[in-house]
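The structure appears right after this line, and notes come after that.
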Amino acid sequence: MFDLTAKVALVTGAGRNVGAGIAHALAAHGAHVAVNDFVAERAAAVAADIGAAGGVAMAVPFDVTDLDAVVGAVASVTAELGPVDICVNNAGNGGVAGMTPTPFRDLAPESWVSPIEVNLGGVMNCCHAVIDGMCDRGWGRIITISSGAGTVGVAIGVAPYSAGKGGGLAFTRSLALEVARHGVTANTLAIGLMEMANRDVTATLAKTIPVGRTGRPDDIAAACVWLASEEAAWVTAQTIEINGGSHPT
């Protein structure tokens, strides 16, 4: 079950945290993984770790907002590993202030740009670079990592981030309807509060979650493995909330 042997997967933003967990999980199930990150050293480190564990991986550092760079990277992946079968759009950006709550009325317009460019534009760029090949071959998986901020919204202060994540979600759902008859699925995982380096913050956040803990990379990676598999062939145009029950829909 969930055999991804020799499938080629591109995972963006995979140099750490959730993206790294997804890359490792796909490789553990047999996929050959192209590990992307904006920071070359992070991508190389994760690819090396996968190789040390017996998997197949290559590092492909690029900026998802640069379409030419994305297209060039996909060409490199195709030359070394083969055509991309699975594209996981994990790269994200919380904006100039990160996730520090700032009312929209107090945000400078230039702070809106990055969350939209990465969380929506980056998803579109990566999908554009791989979708023709997937449709031509009659098989493909698009998985976009979104957030509860893009589905039901969150506390005041992250409106541009919510807009970007919601845009990526809506784009993925629409794309799914276009490519379904070509054997390509496209789904979104809207993830909730994740573990943070600060244990005190994580413990505080955990109290607000019905299951009693924040999310871990493995929680998201497991869902990605399923969606990337043949067993999920009839699942498309869906948004799956993975949040420990934080905001049931």
Exercise. Go through the stretch 6-27 residue by residue and tally those that are touching a Gly at 6+ places or on another chain (Cβ under 7 Å) and under 13 Å from G54 (Cα atoms).
Key: 1
Quiz item: For the stretch 51-75, which residues satisfy the criterion of being within 19 Å of I131 (Cα to Cα) and in contact with a helix residue (DSSP H, G or I) (Cβ under 7 Å, 6 or more places away or on another chain)?
Solution: V60, F62, D63, V64, T65, L67, V70, V71, V74
Quiz item: Taking the stretch 43-73 on its own, how many of its residues are within 16 Å of the chain's Cα centre (by Cα) and part of a helix (DSSP H, G or I)?
Solution: 3
Self-check item: Selection status of G92, buried (at least 20 other Cβ atoms within 10 Å of the Cβ), modelled with pLDDT under 95 and in a loop (DSSP other than H, G, I, E, B)
Solution: yes
Quiz item: Of all residues in the stretch 177-195, which are buried (at least 17 other Cβ atoms within 10 Å of the Cβ) and more than 14 Å from N89 (Cα to Cα)?
Solution: V179, V184, G192, L193, M194, E195
Quiz item: Which of the residues belonging to the stretch 88-113 are in contact (Cβ under 8 Å) with a residue 24 or more places away in the chain and closer than 21 Å to D68 by Cα?
Solution: V88, N89, N90, A91, G92, N93
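The values are calculated or read from the model by the stated rules, or taken from the named source; none is laboratory data. Treat the numbers as computed from the prediction; the structure is a model and nothing was measured. Glycine gets a Cβ as well: all are built from the backbone with ideal geometry, and neighbour counts include every protein chain shown.
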